[in-house]
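J.: Got a structure for you, questions after.
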Amino acid sequence: IVNFNVLISGRGSLSDEHGGVVSVLAKQAASLTKDPTDSPTVCLESDSGNILVRTHGTITLAVHKMAS
């Protein structure tokens, strides 16, 4: 969970250094829509799994789902 570009809670494969990157991805995705209440979900896909990123207010959440 990222608040003001600072990782405030994390577990698993995402580390403190990912907080800023995750926050910027969510902000850039939000800038692509004209509706200020729209909060898009970003999905980064790779062979090792997916990372889902979404913002709600001042909180940004990233979930890394590992491939099985």
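The values are calculated or read from the model by the stated rules, or taken from the named source; none is laboratory data. Because the structure is predicted, anything quoted here is derived from the model rather than measured. Reconstructed Cβ throughout: ideal geometry from the backbone, glycine too, with neighbour counts over all protein chains shown.
J.: Return the residues of the stretch 21-46 that are under 17 Å from G57 (Cβ atoms) and small (G, A, S); say none if nothing qualifies.
T.: Matches in the stretch 21-46: S23, A26, A29, A30, S31, S39.
J.: If I filter the stretch 47-68 down to residues being among the polar types (S, T, N, Q) and in contact (Cβ under 8 Å) with a residue 12 or more places away in the chain, which single residue comes out as nearest to H18 (Cα to Cα)?
T.: Of all residues in the stretch 47-68, those among the polar types (S, T, N, Q) come to 48, 50, 55, 58, 60, 68.
This time we only want the ones that are in contact (Cβ under 8 Å) with a residue 12 or more places away in the chain, so: 48, 50, 55, 58, 60.
Details: S48: 17, N50: 15, T55: 15, T58: 17, T60: 12 Å.
Taking the candidates together, the pick is T60.
J.: Cβ contacts < 8 Å: first residue at pLDDT 85 or above, restricted to the stretch 16-36; second residue part of a helix (DSSP H, G or I) and of a type in the set (D, E, K, R), any location; separation 6+ or different chain. Result?
T.: Close Cβ pairs satisfying both conditions: none exist.
J.: Related question: So which residues in the stretch 41-68 are within 11 Å of L25 (Cα to Cα), modelled with pLDDT of 90 or more and of a type in the set (S, T, Y), if there are any at all?
T.: Answer for the stretch 41-68, where residues must be within 11 Å of L25 (Cα to Cα), modelled with pLDDT of 90 or more and of a type in the set (S, T, Y): just T41.
J.: If you check T37 against the conditions, is it hydroxyl-bearing (S, T, Y) and exposed (fewer than 13 other Cβ atoms within 10 Å of the Cβ)? Steps first, please.
T.: On the way: hydroxyl-bearing (S, T, Y): yes; exposed (fewer than 13 other Cβ atoms within 10 Å of the Cβ): yes.
Criteria met by T37.
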